[in-house]
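The values are calculated or read from the model by the stated rules, or taken from the named source; none is laboratory data. Everything numeric here is computed off the predicted structure, so don't read it as measured data. Don't worry about glycine lacking a Cβ; one is built from the backbone with ideal geometry, like all the others, and counts go over all protein chains shown.
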Amino acid sequence: MHFDIPDLRLFIHVAEASSLTGGARRANLSTAAASMRIKSLEGQLGSRLFYRDSQGVELTPAGHDLLTHARAIMRQVEYIKDEFSQYAEGESGHLRIFANTTAVSDFMPDVLARFLVSRPGVTIDLQERLTHDIIRGVIDGSTDLGVVAGPVKPNKKLEVIPFSVDRLVLVTSKDHELAERKSISFKETLSYPHIGLREGSTLFNFLKDQASEAGVALQMRIQVFGFESACRMVSRGVGIGILPRSIAHRYEEFMDIASIDLEDTWAERERSLIVREFDALPRCGKELVEEIRS
C-alpha cells in the first residue's frame, strides 16, 4: 500500500470543505483531477471514503478514520519540514571532513573554531586520512568534504576547489651546516638523518615516495606525533626535517630553527577542497567551503 502526501492533503481539503470542488480548489487542482485522485486513494484502501450527493460530500466511517490518521501524518510532515529547515538554513547540521596531516594540525583548527562559534547547532567530525583515502571517501560518500595537498587526478565524480598553496621547506637547527643555504634539492637532504611525522601520516608517505623516486632511502632518525615535536627535535640538533613553510615560520619565532627552500617542483603543492557535488552540500557545508577559501 502506497500513500502520496499530496493525495492525503487533498483528502483533508475535500473533507474539510465537504465539497470535491472546494477541496480541489484548495489543492490547486481541477475537479476532475481531484476526483480521480480520491478514487485512486479509495482503491488503494479498499474502502469508500465519501458519500456523494448533489449537496457535496460526506465522510463515511472509513473516511472519518482516515481523516484522523491523515491529519496526524500531515502534522508529522510539518514537524519534519520545520526541523530540517534549520539544516537547510545552516543553523544545524553535521559534517564529516577527511583531511591531510597539515590541514588537521595547522590551519583547520582555527578555521573550524571561527566557523563553529557562530553556529552552535552545527557539529563536525574531522579525521586525518591519507590522500587516496580522502579521495575514496568523497567518491563513496563516507565523508562530505576532503582537504588535500598536491595534484588530484581528474575524476568526473569529484569537484576540486583550490584554495591556497602549501610549500614544503627544509628545516634545520640554526647551527646546522645547511642552515646558511638559500635553497637545496630534496635528494641532497637524504644524506642526513631526518625527523618526520609518524608512519602513515600524509606527509611522511609523500616524502617516502619522493625519496623512492630519487633512488635513495629516507633515513628516519625519529618519527613524532605533530609538527611542534618535530621542530623541537630539529632545534636541538637531532636531525633535519621537511615541513610546510607555514609551520616552519610559526616555530622560527621562538625556536632555534632555520628554513631553506626546496628546489624540487613538487615542493609547491596546491591545497584543494574536494567534494562529490558542491550543490548537494547542506548550507552549512557550503558556508564552510567559503570560510576555508577565504
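Descriptive notes on the structure:
- Segment 236-254, subset of a type in the set (A, V, I, L, M, F, W, C) and touching a residue at least 24 places away in the same chain (Cβ under 8 Å), residue surrounded by the fewest Cβ atoms within 10 Å (Cβ to Cβ): Val238
- Sub-9 Å Cβ pairs linking a first residue in segment 216-235 that is in contact (Cβ under 8 Å) with a residue 40 or more places away in the chain and assigned by TED's automatic domain parsing to the domain that holds Tyr251 to a second residue that is surrounded by fewer than 15 Cβ atoms within 10 Å (Cβ to Cβ) and basic (Lys, Arg), at least 6 apart or interchain, are Gly226/Arg198; Ser235/Lys174, ordered by first then second residue.
- Scan segment 83-139 for residues that are surrounded by fewer than 18 Cβ atoms within 10 Å (Cβ to Cβ), part of a strand (DSSP E or B) and modelled with pLDDT of 90 or more and the total you get is 5.
- Those strands (runs of 3 or more DSSP E) of segment 144-198 in which at least 2 residues are among the small types (Gly, Ala, Ser), considering only elements entirely within it, cover 145-149, 159-173.
- Residue list for segment 52-70, restricted to those being surrounded by 15 or more Cβ atoms within 10 Å (Cβ to Cβ) and in a helix (DSSP H, G or I): Ala62, Gly63, Leu66, Leu67, Ala70
- Residue in segment 14-29 that is among the charged types (D, E, K, R), in the same structural domain as Arg71 (by TED's automatic domain parsing) and farther than 20 Å from Val77 by Cα present: yes
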